[in-house]
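Reviewing the structure listed below.
The values are calculated or read from the model by the stated rules, or taken from the named source; none is laboratory data. Worth saying up front: this structure is predicted, and the values here are computed from it rather than measured. Cβ placement follows ideal geometry from the backbone for every residue including glycine, while neighbour counts extend to all protein chains displayed.
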Amino acid sequence: MGANSQRVRGDDSFTAVTRKILSARQRAGWAVNREMLSLFWQLGRDLRALDATERRQGRSVEQLAAHLHAAFPESICFSRANLQRMCAFAKAWPDFVAVEPLLTQLTWDHHLVLLSKLKTRKQRLAYAQRALEHGWSSETLAAHIGPR
């Protein structure tokens, strides 16, 4: 056994370390995704619960968007339009906690596709499951759903 076999073993251990790092990064990314989707659902649910008059006038969402922009100027996810999408998300999944393991495996972009292109919960669940089974990106999901 010469230097060659020693180098191969070293490469294998480097590869193992690299895999561990990549795996940890992936798990961290999915944990962040899960927390953000949960937050978006909670915000949507809370906004939907506001007084109907406030919502009709659009003041609550606009005021909250302005407040959140001031508090988090680096974040684009709390715009008025995105807060309204969060309301639609909460409305589409009133039982979010019950189906959370499935839903939190998708990105916010996946959910925006499901919300904008499909009208029923049954359709959304079916396409969510297909996207996960096949590893579809949000763009691929949109293409499989087609124009609606």
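Tabulated data
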quantity: Count - residues of segment 70-83 that are assigned to a helix (DSSP H, G or I) and either touching a Leu at 6+ places or on another chain (Cβ under 9 Å) or surrounded by 15 or more Cβ atoms within 10 Å (Cβ to Cβ) (or both); calculated: 3
quantity: All positions within segment 49-78 that are at pLDDT 90 or above and more than 16 Å from the chain's Cα centre (by Cα); calculated: A65, A66, H67, L68, H69, A70, A71, F72, P73, E74
quantity: Residues satisfying the stated conditions in segment 109-140, i.e. of a type in the set (A, V, I, L, M, F, W, C) and either over 22 Å from A81 (Cα atoms) or free of Cβ contacts under 8 Å to residues at least 12 places away in the same chain (or both); calculated: L125, A126, A128, A131, L132, W136
quantity: Checklist (1) under 16 Å from A128 (Cβ atoms); (2) among the small types (G, A, S); (3) in contact with a helix residue (DSSP H, G or I) (Cβ under 8 Å, 6 or more places away or on another chain) applied to S75, failing item; calculated: (1)
quantity: Residue within segment 121-134 that is of a type in the set (S, T, N, Q) and modelled with pLDDT of 95 or more present; calculated: yes
quantity: Where L115 falls short, out of the listed (1) assigned by TED's automatic domain parsing to the domain that holds R27; (2) under 15 Å from the mean Cα position of the chain (by Cα); (3) surrounded by 14 or more Cβ atoms within 10 Å (Cβ to Cβ); calculated: (1)
